[in-house]
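Please read the structure below before turning to the comments.
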Amino acid sequence: MKSLTKGLVPSDYVIIGGTGDLALRKILPALFWRYLDGQITADYRIAAASRHEISQTEYADKLRPFCGDAFTSGRASEDAWNAFLSIITMIKLDVASGDGSAALAEFVGERSDAERPVIFYLAIAPSLFGAATGMLKSSGLVTAQARLVVEKPLGHDGASSRAINAELAEIFDESQIYRIDHYLGKETVQNLMALRFANVIFETQWNNNHIDHVQITVAETVGVGDRAGYYNSYGAIRDMVQNHLL
């Protein structure tokens, strides 16, 4: 079997919006699984940057419930959990005002070299993308090794989406920008192409001659929670239908 860790370069992950729903529910649990698989080691570092003041212990308590599957499956141990927590650093950062940018620059600078990638994940509202990238530039953090990850939705309509992309392009080269939708990583979505084209039963039947309609059901078990501000601005249609479902 091909090694999953061969050729991986130790990196720094900076999650801006580190205490938010996306970071706690999706990003950090995914990174924990990568740690358990050996794809992230003690040489990696994770910075959870947030405008909220929170201790390392409080953050661990918030994160633990979202990593429960790793424990119930028997993959994770307390030693592995504590080792993973040891590579996480909390940074108080307000991208709008720039408060805390010096602490972030210091964190990155501690291991800065020409070969070490730094991944900035903007787990914040799209309206703050411009402020965040501007702060990164003014702090001297936009280098050749920097990468930027932005999550949908990129704006609330065509005009705002183009404006956001223009803001990103002013700071980062296109080759450094990764636009993602975490739904694309779901197992069912990943397997759609194989299910359709590699299955001899469906390959000749799944086309416009035999399919009357397609119904997509998303049986959500999680409500709005603490994302009321986000939903008041963007709404469920923009959050779910125009990106996740389509």
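Quick look at the numbers
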{"quantity": "Kyte-Doolittle mean at least -1.0 and Cα axial length at least 15 Å: DSSP H helices in the chain", "calculated": "158-171"}
{"quantity": "Simple spin-label estimate for residue 204 and residue 86 in nanometres, 7 Å along Cα-Cβ", "calculated": "6.0 nm"}
{"quantity": "Sorted by Cβ density within 10 Å, fewest first, the residues 52, 210, 156", "calculated": "210, 52, 156"}
{"quantity": "Residue-count net charge about residue 100 - beta-carbon cut-off 9 Å; Lys, Arg +1, Asp, Glu -1", "calculated": "0"}
{"quantity": "CD proxy at 222 nm, helix term only [per DSSP H run n ≥ 4: -39500 (n - 2.57); per residue of the chain; nearest 500]", "calculated": "-9500 deg cm²/dmol"}
{"quantity": "Relative compactness, the chain, computed as alpha-carbon Rg over 2.2 N^0.38 Å", "calculated": "1.11"}
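Just so you know, all these numbers are worked out from the coordinates, no wet-lab data involved. These numbers were taken from a predicted model, which means no experiment stands behind them. For neighbour counting, all protein chains shown are included, and Cβ atoms are generated from backbone atoms with ideal geometry for every residue, glycine included.
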